[in-house]
Amino acid sequence: MRRRRFQLTATAVVVAALLVASCGSSGSSVSGHVPPAGSGIHKIRHVVMIMQENRSFDSYFGSFPGANGIPMKNGVPTVCSPDPASQTCLAPTPDHRDSNGGGPHSAVNAAADINGGQMNGFVAQAESGKRGCLNVTDPACTNSTKPDVMGYHTKNDIPNYWSYASNFVLQDRIFEPTSSWSLPEHLFQVSEWSARCTQHNNPYSCVNENQNPAGPKLRPGQRRTGRPTYAWTDLTYLLHKAQVSWAYYVVNGNEPDCQNSAQMSCAPVHQSPRTGGIWNPLPRFDTVRKNGQLGNIQSVANFYKAAKRGTLPAVTWVVPSGAVSEHPPSPISAGQSYVTSLVNAVMRGPDWKSTAIMLAWDDWGGFYDHVVPPRVDMNGYGLRVPGIVISPYAKRGYIDHQTLSFDAYVKFIEDDFLHSQRLDPRTDGRPDPRPTVRENVKILGDLRSDFDFSQKPRAPELLPVHPKTTLTGTPGNAAQAAAANPPAGTDG
């Protein structure tokens with residue numbers, strides 16, 4: 001297969017070039033209390049969570065040596081998923097296309113893909129997904145005429161991701177916290193719950209909802225009025241109370257999914273730090289507004305600047321725009337380039353020696369995975385996704401087989417910065433009716449196992465932002481030439 005130079009779409013070129021080059025742009029950084037350096041977990045003074053979109057573990061690391069990947073015998077998959085259209089069974093197969101279609105990925109699709117533990121509903125769901133959607137990235141839609149959900153990418157397709165996994169820590173048993181799509185996942189990332197509320201500043205007006213927390217299902221052609229209310233307690237409430245600094249960095253652009261996961265009539269929604277959305281839910285939390293913390297939600301340009309200056313906050317979330325998200329059909333190459341630029345920025349900065357980067361993909365995107373998710377409560381876990389830990393204290397070449405979810409990130413932050421305080425209605429000072437204290441679920445592993453705090457901090461391992469790959473069909477346009485000449489300081 002012909003190798004090609006990694007190339008970005010026009011939008012991704014603009015995003016990557018502008019944001020990485022804007023380290024010196026105006027904008028306030030976030031600073032505040034962090035624990036003193038010491039032994040063990042407290043050597044980590046900065047936690048950076050980079051969340052990408054819509055890939056299962058098997059679709060990215062199903063052939064990774066030593067990991068719990070696609071079941072094979074003599075190099076041939078021993079699993080398959082029934083294909084109702086052809087009355088055959090489709091096995092996993094390498095797929096080197098840069099742009100994938102994926103499958104529908106709402107709560108109902110998760111249940112059908114899992115199929116009572118048989119893990120064989122993926123092709124049928126992809127074929128039955130809605131077509132002709134105005135927004136092709138709606139989670140109810142299918143984006144390709146021929147399902148590609150059984151395809152998986154190899155080392156040479158995503159060399160930087162495999163390099164991080166090989167040189168740091170790969171988690172091969174990390175699950176979505178809830179069996180649903182992007183909005184509930186991102187709510188769990190910041191608050192450990194997904195709910196629908198009817199009153200501002202009243203947590204007890206909230207009821208569990210892992211499908212449409214933004215509001216009730218809309219009728220065809222009906223437009224949503226007002227904005228959803230998130231009145232329950234989120235992690236920033238505890239961080240603010242303890243004077244622990246945090247920031248939520250957002251890439252300007254579009255978010256791909258509709259606010260209502262079953263709606264077909266929405267166009268791509270604009271995303272910026274000021275617009276609450278499926279990947280940027282914090283502006284809609286009562287706690288964030290009441291505590292005067294809206295300014296902590298910033299452009300990702302400020303992330304690059306903070307990394308360069310050594311002023312990263314204690315807790316950082318970083319979310320993409322559609323162009324660099326890897327959310328089908330956006331190209332994988334653009335997302336890998338963007339993520340590499342984020343990691344390189346941290347590695348080049350003064351805060352690298354005390355940072356832990358948690359890289360993951362928010363949901364499975366309809367792609368095949370063979371591991372049955374454990375059930376911890378009415379919401380999840382959802383399907384397995386890739387997870388990587390990158391840190392100067394991360395074990396080298398370690399595969400973490402613990403049962404994990406994004407709840408483990410919150411647990412690690414609470415153990416590091418909050419004296420192990422949990423988002424627990426009984427003890428956190430702001431009760432709400434959440435069904436489970438997720439950080440305390442017995443089967444949840446401990447991320448401290450991914451670190452060796454006795455080792456000398458490891459030197460940065462910078463990677464090229466534009467690696468050579470075996471990806472094919474990268475979307476082309478006149479701006480591709482710019483990808484070959486990245487801004488100064490972005491290539492490792």
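The values are calculated or read from the model by the stated rules, or taken from the named source; none is laboratory data. Keep in mind that what you see is a predicted model, and the values were worked out from it rather than measured. Neighbour counts are summed over all protein chains in view; Cβ atoms, including those assigned to glycine, are modelled from backbone coordinates with ideal geometry. Note: areas computed on protein heavy atoms with side chains; ligands, DNA, RNA excluded. Shrake-Rupley method; radii C 1.70, N 1.55, O 1.52, S 1.80 Å.
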Entirely in the range 15-110, the strands (runs of 3 or more DSSP E) that have 3 or more residues that are at pLDDT 95 or above and under 30 Å from Ser354 (Cα atoms): 46-52
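Any idea which residue in the range 171-207 is farthest from the chain's Cα centre (by Cα), counting only those that are part of a loop (DSSP other than H, G, I, E, B) and of a type in the set (Val, Ile, Thr)? Full working, then the answer.
Taking the range 171-207 as the starting set, the residues that turn out to be part of a loop (DSSP other than H, G, I, E, B) are 176-181, 192-194, 198-202.
Of the ones still in play, those that are also of a type in the set (Val, Ile, Thr) are 178, 198.
Details: Thr178: 13, Thr198: 28 Å.
Here the answer is Thr198.
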Checking the structure you have, find out if any residue of the range 305-317 is open to solvent by less than 10 Å² (accessible area, probe 1.4 Å) and within 22 Å of Cys197 (Cβ to Cβ). yes
Pick from the range 346-404, criterion open to solvent by 10 Å² or more (accessible area, probe 1.4 Å) and among the polar types (S, T, N, Q), ranking: nearest to Asp452 (Cα to Cα): Ser354
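Within the group Asp363, Asp351, which residue is in a helix (DSSP H, G or I), of a type in the set (Asp, Glu) and either on the phi < 0 side of the Ramachandran plot or at pLDDT 95 or above (or both)? Lay out the reasoning, then the answer.
On the way: Asp363 fails: in a helix (DSSP H, G or I).
Going through Asp363, Asp351 in turn, the sole match is Asp351.
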Could you please give the count of residues in the range 295-329 that are assigned to a helix (DSSP H, G or I) and of a type in the set (Ser, Thr, Tyr)? 1
Set Ser454, Ser449: member being surrounded by fewer than 19 Cβ atoms within 10 Å (Cβ to Cβ) and in a helix (DSSP H, G or I): Ser449
Is it true that Val410 is in contact with a Ser or Thr (Cβ under 9 Å, 6 or more places away or on another chain), of a type outside the set (Ser, Thr, Tyr) and open to solvent by less than 10 Å² (accessible area, probe 1.4 Å)? yes
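Any idea which of Gly335, Gly292, Gly277 is in a loop (DSSP other than H, G, I, E, B) and open to solvent by less than 10 Å² (accessible area, probe 1.4 Å)? Let's see the steps before the verdict.
Details: Gly335 fails: in a loop (DSSP other than H, G, I, E, B); Gly292 fails: open to solvent by less than 10 Å² (accessible area, probe 1.4 Å).
On inspection, the qualifying residue turns out to be Gly277.
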Which condition number in (1) part of a helix (DSSP H, G or I); (2) without any contact (Cβ under 8 Å) to a residue 60 or more places away in the chain; (3) within 12 Å of Tyr368 (Cα to Cα) is the one that Asn115 fails? (3)
All-but-one check, His42 against (1) under 28 Å from Tyr248 (Cα atoms); (2) open to solvent by less than 20 Å² (accessible area, probe 1.4 Å), failing number (2)
Mind listing just one residue for me: the one in the range 91-111 that is touching a helix residue (DSSP H, G or I) at 6+ places or on another chain (Cβ under 8 Å) and within 13 Å of Asp369 (Cα to Cα) and, of those, surrounded by the fewest Cβ atoms within 10 Å (Cβ to Cβ)? Pro92
Out of the range 232-274, which residues are touching a helix residue (DSSP H, G or I) at 6+ places or on another chain (Cβ under 8 Å), modelled with pLDDT of 95 or more and part of a loop (DSSP other than H, G, I, E, B)? Trp232, Thr233, Asp234, Ala242, Ser245
What is the number of the single condition among (1) within 22 Å of the chain's Cα centre (by Cα); (2) open to solvent by less than 10 Å² (accessible area, probe 1.4 Å) that Asp415 does not meet? (2)
Yes/no for Asn296 being at pLDDT 95 or above, over 16 Å from the mean Cα position of the chain (by Cα) and over 23 Å from Asp416 (Cβ atoms): no
Could you run through the range 289-312 and say how many residues are touching a His at 6+ places or on another chain (Cβ under 9 Å) and closer than 14 Å to Ser354 by Cα? 1
